[in-house]
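Let me begin by presenting the structure, written as structure tokens, before commenting on it.
Please treat every number below as a calculation from the coordinates, not as lab data. Worth saying up front: this structure is predicted, and the values here are computed from it rather than measured. Glycine gets a Cβ as well: all are built from the backbone with ideal geometry, and neighbour counts include every protein chain shown.
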Amino acid sequence: MFELRIHGRGGQGVVTAAELLSLAAFIEGVQAQAFPSFGSERMGAPVTAFCRLDARPIRLREPIAEPDAVVVADPTLLHHVNVFGGLRADGYVLVNSSRTLEQLGLAELHGRHAAQRLATVPASEIARAWLGRPIPNSALLGGLVALTRVVKLDSLLAAIGERFSAGAAEGNANAAREAHRRAAAALGEANREAVDA
Amino acid sequence: MSAAPPPASEPRRRIPDPREAVASPRQAATGARFYQTGTFAVGNRLLEASESSVQADPERANAITKGHRACQGCGEALGARYALDAALRATGGRLIAANATGCLEVFSTPFPESSWRLPWIHSLFANAPAVATGIAAALRAQGRTDIRVIGQGGDGGTVDIGLACLSGMFERGDDVLYVCYDNEAYMNTGVQRSAATPPAARTATTEPLPGHPGNAFGQGKNMPLIAMAHEIPYVATATVAELRDLEAKVERAMALHGPRYIHVLVPCPLGWGSATAETIAIARLAKETGLFPVFEAEDGRVSGVSPIRRLRPVEDYLRRQKRYAHLFAGAGQPEVVARLQALADRNVERFGLLAEEEER
Amino acid sequence: MPSQLEGSLAVARTVARCRPEVVCAYPITPQTHIVEALSRMVAGGELAPCEFVNVESEFAAMSVAIGASATGARAYTATASQGLLYMAEALFNASGLGLPIVMTVANRAIGAPINIWNDHSDAMALRDCGWVQLYASDNQEAADMHVLAFRLAQECSLPVMVCMDGFVLTHAFEPLEVAEQELVDAYLPRFAPRQALDPDEPVTIGAMVGPEAFTEVRYLAHAKQMDALDAIPALADELADRCGRRSGELLGAYRCADAATVIVALGSVFGTLCEVVDELRAAGRSAGALAVKSFRPFPREELRAALAGASRVIVLERAFSVGVGGIVSADVHAALAGLHVPVHTVIAGLGGRAITRRSLHALVEQACAGTLADPHFLDLDTAVVERELARSRAGGRTGGRPGPHAENILRDLGIVAAGPV
């Protein structure tokens, strides 16, 4: 089973991100369960969404306490919410930022996780370029796919096509593709560095 | 009733005076003028069919038939019979009724007997308008739009506990006629004060004690005006003193669609402490003093007024009811009576209740 | 063919296939997605003929359903939590009148303090109102249960509430099937009411009944629900035959046959329990899980048969009766009378607190060791409650009022900014 936890704020499409990933998995014939955890619905409030993927039907109904991957859609949450709580030793981290993890004050992640498990992607900027609004969810998913390969990029793009109306689907797909390309490239660099080191 | 009605933009229709009933050739031949036409007081053979009371028709539906347990002189039983038979005639018998908990419901359905000869449901105290909405929605979904819906209840179930459901029914535009039988207190439970209880009236929860003149001044809800504020197609007030007028208003209402509201003053001899034979007379006095304006409104504006025939001082009305006896005991409370007179005067002025050719 | 759907949408689509003629609803979290979807289906003509009525309160919602059902139309509404309580009077009225209304309850806690998250205190508070109460173990069952509910309601002349955990099920996206229209039509015949408001055959509905007949009338209501104990399995079998999925039986057993420890629960926690049972068995412990799917009527005999061989029973419940303890466990206790099987009452998951595998494993250990409190509140932060109790007894620091419990506890947990206590 693969368990993902996404932290963000209301209005960033965090809940939709989890749904999209579950839909992408479904398209691949993988069982997936996505669900949110939020307070009163208002913009800007912290929101957590979860997604489980498995080959077998998923019976579990508890929140994801020990995720395989954590995505942080809003770095301002980093020092408010325990976003990395329970993250597995071999887990993945993806943060929405144009800065590096060190610049975000997350240098210690390097100590615990291999370089090719960590990534940042400027998802809000990418989204603004393709959608006109800084809603980072699709871009983050593109980055997540590059980072974890939990689903194929094509499946994610198909899910985006299903979930959004025509105009929005194109922008979201482009955002996902660009984030995927950039994250893959950065991970390629990280791999080369790891090999050289 | 102390609030002002919204101004009318068109000249108001005067609700016809019974004196102006269309005379049949036979009546004209006698040279007599008949009052109180349309009741058993003057034989309906002397009237045009269109002026004849529904109750005079041997084929009347008799929606609430004999055997019910109402008190002698019950204004509500009288009003309900006239209202429902008129509604049944207007709808060709295609009518379903939803009734709130209250006197009418209790005295008409002592299990295993029922007085009702039309399809009738009693659910709860506060929900008759919502149940009526549900019936209308079902009929619409079933394509049975020839069947009409009437909701009814007392003042307690309408103005207090049922107001939210009633307002919702009005606001949604549901096709329901709602009739409130107003005896100005919770009579079924032993005469407790409601938001329709007039100032100074004695009820079991507004006893006239030193420092308490009965029900307080400055309270209460003007339900007809509240209904008008929803700008529903038709609002009317009526009393059991003018039963043909009540029938005509029900018929008028059933000719329309959408939410309609009729507020009927129904004296309760037990709760008001009045003589059982004087129910109609007291209802007439409520109108003739100006305390109970009789009018019609359409889409939120007063469209017709039933003028006072001969203006009477409120004391004539109050003295005949024990619920006001404390105003006249010993030295009396003339200042309270004066305040009630002022309320009546204000109604007369605001609704234009005096006929142009007024006999004073 | 399944689709990846939100639980609420699967329920809404399934309900639509049941051809309700009047849908009336008032919004309350977490039921909103269900009624929004139905509203769209009616407006778009997908669900027709159907009147969607936007009512002004939950009390009005149930009242509109009563009027509609009494007129012979198939009526549906949905609510949760405070909304269910607000229509309490109408619930008793509907069941007393024998109206076959179906309602989804998206289980949510009752305030005060206000809480929008999942537990069973809403439906439990109305367990005596005469409605059939079914609890779905997962979203597929939640959807399919509505088909059974409509059929059960009209056959038994009883209203039925289908309970599904708010947020946990309503807002979860997973692969779900919506029963095909032809299947539903074959299973659910046109509604022919026992009596209806009809000018062609006038009846009086809702008369007053005095002491001379009330007992008998109420006994019949009980008898009708007891008949449902036979109807439910039969209807569940028929539905399973038609759609190939089992749902809405009286009980759902997982590896109970030879289990020494059986955990009994209602609702979606059953999925987590099945995982825990598998983990326990892999570790050599004999365990099973039993879902109570029909809570009213309560399947006393079937439960007794399922649990007779257990060494211990843990009833995991998401509500409790203040001043007494467990609700479900009281019924389980009664069902097992004379069997000498210890029944542990565990109150868990209140107000949306997660019930985790970790806690469940620890719970089973404690049960086997005999160290459970009675009732046992799972994951209770005893330090916090003891501090608050001490605070209450001592008064405020300045000797003034100790303040409200909720705020004090939230401050203690650091969730609310600390201020003078």
Discussion item. Could you tell me what a quarter of the Cα convex hull surface of the protein assembly as shown works out to, in nm² with one decimal place?
Written reply: 49.6
Worksheet item: In deg cm²/dmol, rounded to 500, what helix-only [θ] at 222 nm does chain A give when every DSSP H run of at least 4 residues adds -39500 (n - 2.57) and the total is split over its residues?
Response: -13500 deg cm²/dmol
Discussion item. Compute the distance from the alpha-carbon center of region C:128-158 to that of region C:22-47, in whole Å.
Written reply: 19
Worksheet entry | In region B:296-360, the GluC sites (Glu not before Pro) that fall in loop regions by DSSP, at most 13 other Cβ within 10 Å | B:Glu356, B:Glu357, B:Glu358, B:Glu359
Worksheet item: Tell me, what is the percent relative contact order of region C:1-135, built from C-alpha pairs under 8 Å that lie six or more residues apart?
Response: 23
Worksheet item: Regarding region A:84-197, what are the three Cα extents along the principal axes, ordered largest first, in Å?
Response: 45, 29, 26
Item to complete: With N denoting the number of residues in region B:258-360, provide Rg(C-alpha) divided by 2.2 N^0.38 Å, to two decimal places.
Response: 1.17
Worksheet item: Based on the Cβ-Cβ distance from A:Ala55 to C:Ala257, what FRET efficiency comes out when R0 is 25 Å, to the nearest 0.05?
Response: 0.40
Worksheet item: Are any of the pairs B:Lys221/B:Lys287; B:Lys66/B:Lys322; B:Lys66/B:Lys287; B:Lys221/B:Lys322 more than 21 Å apart by Cα-Cα distance, and if so, which?
Response: B:Lys66/B:Lys322; B:Lys66/B:Lys287; B:Lys221/B:Lys322
Worksheet item: If one takes the longest principal axis of the Cα atoms in chain C, at what angle in degrees, from 0 to 90 and to the nearest 10, does the Cα axis of helix C:382-394 lie?
Response: 80
Worksheet item: What residue among C:Ile355, C:Ile409, C:Ile263 has the largest mean-square fluctuation in a Gaussian network model of chain C, using Cα springs under 10 Å?
Response: C:Ile409
Worksheet item: Cα atoms only, chain C: Rg and Dmax in Å?
Response: 22.4, 75
Discussion item. Is there a quick way to get the dipole size of the protein assembly as shown? I mean about its Cα centre, with the Cβ of Lys and Arg at +1 and of Asp and Glu at -1; what is the value in debye to the nearest 20?
Written reply: 1300
Fill in: Computed [θ] at 222 nm, helices only, for chain B once each DSSP H run of length n ≥ 4 contributes -39500 (n - 2.57)
-8500 deg cm²/dmol
Worksheet entry | Separation between Cα centres of region B:156-223 and region A:37-109, rounded to whole Å | 58
Item to complete: With only Lys, Arg, Asp and Glu charged, each at its Cβ (+1 for the first two, -1 for the last two), find how big the charge dipole of region A:2-196 is about the Cα centre; round to the nearest 20 debye.
Response: 220
Worksheet, complete the sentence: Of C:369-378, C:73-82, ordering from highest average Cβ density within 10 Å down gives C:73-82, C:369-378
Discussion item. Between region B:281-360 and region A:11-32, what is the separation of their alpha carbon centroids in Å?
Written reply: 71
Worksheet, complete the sentence: The alpha-carbon pair-distance distribution computed for region A:2-196, with 10 angstrom bins and whole-percent values, is 10, 40, 39, 12, 0
Discussion item. Please compute the contact order of chain A in relative form: average sequence separation of alpha-carbon pairs under 8 Å and at least six residues apart, divided by the residue count, as a percent.
Written reply: 21
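Give the Rg/Rh ratio for region C:251-377, taking Rg as the radius of gyration of the Cα atoms and Rh as the Kirkwood radius, to two decimals. Could the numbers behind the result be given before it?
Values: Rg = 13.1 Å, Rh = 14.3 Å.
Rg/Rh for region C:251-377 comes to 0.92.
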Item to complete: Mind sorting B:Lys287, B:Lys322 by how few other Cβ atoms lie within 10 Å of their own Cβ, fewest first?
Response: B:Lys322, B:Lys287
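Add -39500 (n - 2.57) for each DSSP H run of 4 or more in chain C, then divide by its residues: what number comes out at 222 nm, to the nearest 500 deg cm²/dmol?
Roughly -13000 deg cm²/dmol at 222 nm, from the helical runs in chain C.
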Worksheet item: Any idea what angle helix C:32-43 forms with the longest principal axis of chain C, computed on alpha-carbon atoms, 0 to 90 degrees, nearest 10?
Response: 20
Worksheet item: What's log10 of I(q)/I(0) for chain B at q = 0.08, 0.11, 0.14 Å⁻¹, Debye sum over Cα points only, no solvent?
Response: -0.37, -0.72, -1.20
Fill in: Around C:Leu413: net Lys/Arg minus Asp/Glu count, Cβ-Cβ under 12 Å
-2
Worksheet entry | Nearest 10 degrees, 0 to 90: helix C:139-156 Cα axis against chain C principal axis | 50
Worksheet item: Using the per-residue mean of other Cβ atoms lying within 10 Å as a proxy for protection, in what order, highest first, do the peptides C:37-43, B:289-295 fall?
Response: B:289-295, C:37-43
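Ignore the peptide's own chain and count Cβ atoms of other chains within 10 Å of each Cβ in C:210-220; give me the average, rounded.
Working: counts 2, 0, 2, 2, 1, 0, 0, 1, 0, 0, 0.
Mean partner-chain Cβ count within 10 Å for C:210-220: 1.
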Worksheet item: Considering every residue in C:50-60, what mean count of other chain Cβ atoms within 10 Å of its Cβ is obtained?
Response: 6
Response to the item:
Shielding of B:102-113 by other chains, given as the mean Cβ count within 10 Å, works out to 3
Discussion item. Give me, ordered by chain and number, the residues 5 or more places off B:His122 or on other chains with an amide H under 5 Å from its own placed amide H.
Written reply: B:Asn99, C:Ile205, C:Gly206
Worksheet entry | Packing-based order for A:25-32, C:103-110, using average beta carbon neighbours within 10 Å, highest first | C:103-110, A:25-32
Worksheet item: Which whole-number percent gives the relative contact order of region B:60-351, counting Cα pairs below 8 Å spaced six or more residues apart?
Response: 17
